[in-house]
Amino acid sequence: MYSQKVMDHFMNPRNMGEIEQASGVGTVGNAKCGDIMRMYIQVENDIITDVKFKTFGCGAAVATSSMATELVKGKTIEEALKITNKSVAEALDGLPPVKVHCSLLAEEALHAALWDYAQKHNLHIEGLEPPKEDIHEHEAENPKE
Ligand code: FES
């Protein structure tokens, strides 16, 4: 049911933890399943130099957050914004259809952390929208499966 990459990132999540005094922190949840994710980013000269996450959620949410942090690290903010739940799922060699929504948590938590960074530094990041607290509603608006 799960690819080897999903299992690997679930069993050995990369970048789990938190960053003290992070440049930005974002927390999102899915009210339907009750899962929550928090992402921390460190930004220096427009580059995401470090990223960590904490997930109170299912295995697919852990694996997708882990992969998302790997994809985001070292990227510019503009590049990071192009990383979608789809690209995260592809990098994991796919997710079972019923678990695709879990990858939205990682995408939205990253956007929420970028939003927090922008607010703290009085920046406007082109294409970045205010975070949605409940991903489930977003899911209903934009089915990505
Ligand atoms: Fe909730 Fe996976 S079941 S994020």
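Miscellaneous remarks
- Within region 1-35, the set of residues being in a strand (DSSP E or B) and farther than 16 Å from T69 by Cβ comprises G29, N30, D35.
- Residues in region 36-49 that are assigned to a strand (DSSP E or B) and either away from the ligand (no atom under 16 Å from the Cβ) or on the phi > 0 side of the Ramachandran plot (or both): Y40, I41, Q42, V43, E44, I47, I48, T49.
- Qualifying position, being surrounded by 19 or more Cβ atoms within 10 Å (Cβ to Cβ), out of contact with any His (no Cβ under 8 Å at 6 or more places or on another chain), within 23 Å of E20 (Cα to Cα) and of a type in the set (D, E), among D50, D116, D46: D116
- Qualifying helices (runs of 4 or more DSSP H) (wholly inside region 50-145; at least 3 residues being out of contact with any helix residue (DSSP H, G or I) (no Cβ under 9 Å at 6 or more places or on another chain)): 102-120, 135-141
- Selection of region 26-78 for residues being touching a Pro at 6+ places or on another chain (Cβ under 6 Å) and charged (D, E, K, R) yields an empty set.
- Some residue of region 98-110 being away from the ligand (no atom under 16 Å from the Cβ) and either at positive phi or polar (S, T, N, Q) (or both): no
- Region 14-35, residues that are closer than 11 Å to D134 by Cα, among the β-branched types (V, I, T) and either over 11 Å from the mean Cα position of the chain (by Cα) or buried (at least 19 other Cβ atoms within 10 Å of the Cβ) (or both): V28
No value in this document is a laboratory result; all are computed from the given coordinates. Here the structure is a predicted model, which is why all the values come from computation and not from measurement. As a convention, Cβ positions derive from the backbone with ideal geometry for all residues, glycine included, and neighbour counts pool all protein chains shown.
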